[in-house]
Number of protein chains: 2
Amino acid sequence: MTKNTKVNAAILIIGNEILSGRTQDTNTVTLATWLNSIGVKVNEVRVIPDVEKTIIDTLNVLRKENNYVFTTGGIGPTHDDITASSVSKAFNLKYEIHKEAFKILEEYYQPGEFNEGRQKMVWMPKNAELIINPTSGAPGFSVDNVFCLPGVPSILKSMLGGLKNKIVGGKPILSHTISLKTVESEIANSLTKVQDQNKDIEIGSYPFFHAGKLGVSIVIRSEDQIKIEICSNQILEFVKKKKIEIVDR
Amino acid sequence: MTKNTKVNAAILIIGNEILSGRTQDTNTVTLATWLNSIGVKVNEVRVIPDVEKTIIDTLNVLRKENNYVFTTGGIGPTHDDITASSVSKAFNLKYEIHKEAFKILEEYYQPGEFNEGRQKMVWMPKNAELIINPTSGAPGFSVDNVFCLPGVPSILKSMLGGLKNKIVGGKPILSHTISLKTVESEIANSLTKVQDQNKDIEIGSYPFFHAGKLGVSIVIRSEDQIKIEICSNQILEFVKKKKIEIVDR
């Protein structure tokens, strides 16, 4: 296992609809923002199709290289929902009816509504831990360090609260943004010098074109608030010298 | 090389800002939609940080497994723009000033404006082919089957036109959507039967909650219009039997 000392994760988006361009993925932003806030750094994101071998192979790489893996999609009732059976195979676990999940859905639906289609959603890897779904009943699940969530963004969001006690993060990653009325080439050299003096700080430079304004947002990220402030002051120093205007964004 | 008979591609999104959740990637939808329209199937998408070793290693995997690789991000003038130098290393090519790109930017900018920061954008792998940028001057480039595009969505979009003659696709992938006022569990079994009878057709089922409407979109995808129609008729047959309402979406 090649795990960093920091706590890290991979996000695995499962679904043909993202690869065809039909659906705009928004779960990455949701998960990444939440993970950063609890001190888990996202190392990589992969989007893969609803193909069993691909899911198994990718999962078996990612779960060894990261402290946590979060999958989205493929846990509904239709034929293209194959995440739970694929996870079972990746871990060499039996794919079976999860008794607790069965009880939850039996109570959730009106009598007679818990039909064969819906019952597919309680098939999971043996001994999976449930992730409660406050929106639409059908739970997600986790096996070891792999957490399987649904693809529908509103349902996924509602399930993160239930994950809090299961994910142990490091120090939260803090960030500070300075937005400037300038272009990147004006500040590139000065910014390189600041980065060279602060090698353990992540400094990103992002041009923006927004509501008629053109500018650059500099984003400083670190777990250490004091280091962010030192870095920020060095940036503000050259900004002042160059007489560049600071703007809101 | 494990290339399918079909023409396929990988998309490689390079940028810490996507992994931190700060920026919503929209380039995947843009590229995937365009690639599908010209008969190139997107096999996978990866999002990775601005880390040289990661870029090189990932690129060297993806370019062997796919007919084409499209990268976005990291070709601007600042210290965190390391895509061009990393691509050079991945291909063991010299990283040098591209004379044609230099000329383009020398003409693009006013006298005196083509400063050191901007000149960084003409450093590329030796003998790279340029991808013209009608929006903001600085070209993208390609080496072998790897096409490097910028991260800013509006600029990326404007550069796709110039790529048309460089990408040889297969048959365009067609799709047909049937949206129903139902829930997935109602149609799951019938849809599985249709999928079993049409194994070479991709059928996806996507629940939606939109403007107060709750329903399911069934998406049928294939290169063969007739096969799509046969499959569509089989779906409409069970929809009629079950008295499910067809809705617009």
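For the reader, a short list of remarks on this structure follows.
- Single residue of A:35, A:93 found to be modelled with pLDDT of 95 or more and outside any helix (DSSP H, G or I): A:93
- Residues of the range A:98-115 that turn out to be outside any helix (DSSP H, G or I) and more than 28 Å from the chain's Cα centre (by Cα), as a count: 7
- Within the range B:43-54, at least one residue is modelled with pLDDT of 95 or more, surrounded by fewer than 22 Cβ atoms within 10 Å (Cβ to Cβ), out of contact with any Ser or Thr (no Cβ under 6 Å at 6 or more places or on another chain) and among the hydroxyl-bearing types (Ser, Thr, Tyr).
- Leading residue by the ranking (farthest from residue A:16 (Cα to Cα)) among those in the range B:175-195 that are away from every other protein chain (no Cβ under 11 Å) and surrounded by fewer than 16 Cβ atoms within 10 Å (Cβ to Cβ): B:181
- Scope the range B:69-92; condition within 18 Å of residue B:17 (Cα to Cα) and free of Cβ contacts under 8 Å to residues at least 24 places away in the same chain; matching residues: B:79
- Of the numbered criteria (1) of a type in the set (Asp, Glu); (2) surrounded by fewer than 20 Cβ atoms within 10 Å (Cβ to Cβ); (3) outside the structural domain of residue B:88 (by TED's automatic domain parsing), the one residue B:144 fails is (3).
- If you go through the range A:43-60 and keep only what is of a type in the set (Asp, Glu) and over 18 Å from residue A:23 (Cβ atoms), you end up with A:44, A:52, A:57.
- Residue in the range A:116-135 that is nearest to residue A:71 (Cα to Cα), counting only those that are more than 21 Å from the chain's Cα centre (by Cα) and polar (S, T, N, Q): A:127
- Complete set of residues in the range A:67-92 that are within 12 Å of chain B (Cβ to nearest Cβ) and not aliphatic (A, V, I, L, M): A:73, A:74, A:76, A:77, A:78, A:79, A:80, A:81
- Considering (1) among the polar types (S, T, N, Q); (2) touching a Gly at 6+ places or on another chain (Cβ under 9 Å); (3) more than 9 Å from chain A (Cβ to nearest Cβ), the lone condition that residue B:198 does not fulfil carries the number (2).
- Listed by position, the strands (runs of 3 or more DSSP E) inside the range B:152-249 whose residues that are over 30 Å from residue B:77 (Cβ atoms) and more than 25 Å from the chain's Cα centre (by Cα) number at least 3 are B:174-181, B:213-222, B:245-247.
- Meets criteria (at positive phi and more than 7 Å from chain A (Cβ to nearest Cβ)) for residue B:15: yes
- Residue count for the range B:31-53, restricted to those that are under 18 Å from residue B:146 (Cβ atoms), touching a helix residue (DSSP H, G or I) at 6+ places or on another chain (Cβ under 9 Å) and in contact (Cβ under 8 Å) with a residue 12 or more places away in the chain: 15.
- The range B:201-237 - residue that is out of contact with any strand residue (DSSP E or B) (no Cβ under 9 Å at 6 or more places or on another chain), exposed (fewer than 14 other Cβ atoms within 10 Å of the Cβ) and not acidic (Asp, Glu) and, of those, nearest to the other protein chains (Cβ to nearest Cβ): B:210
- Among the residues making up the range A:147-158, those that are of a type outside the set (Ser, Thr, Tyr) and either surrounded by fewer than 19 Cβ atoms within 10 Å (Cβ to Cβ) or in contact (Cβ under 8 Å) with a residue 60 or more places away in the chain (or both) are A:147, A:148, A:149, A:150, A:151, A:153, A:156, A:157.
- Of the residues in the range B:101-114, at least one is away from chain A (no Cβ under 14 Å), closer than 25 Å to residue A:215 by Cα and in contact (Cβ under 8 Å) with a residue 24 or more places away in the chain.
- Within the range B:62-72, not a single residue is in a loop (DSSP other than H, G, I, E, B), surrounded by fewer than 24 Cβ atoms within 10 Å (Cβ to Cβ), on the phi > 0 side of the Ramachandran plot and more than 9 Å from the chain's Cα centre (by Cα).
The values are calculated or read from the model by the stated rules, or taken from the named source; none is laboratory data. Remember, predicted model here, so these are calculated numbers, not experimental data. All Cβ positions, even for glycine, are placed from backbone atoms using ideal geometry, and neighbour counts span all protein chains on display.
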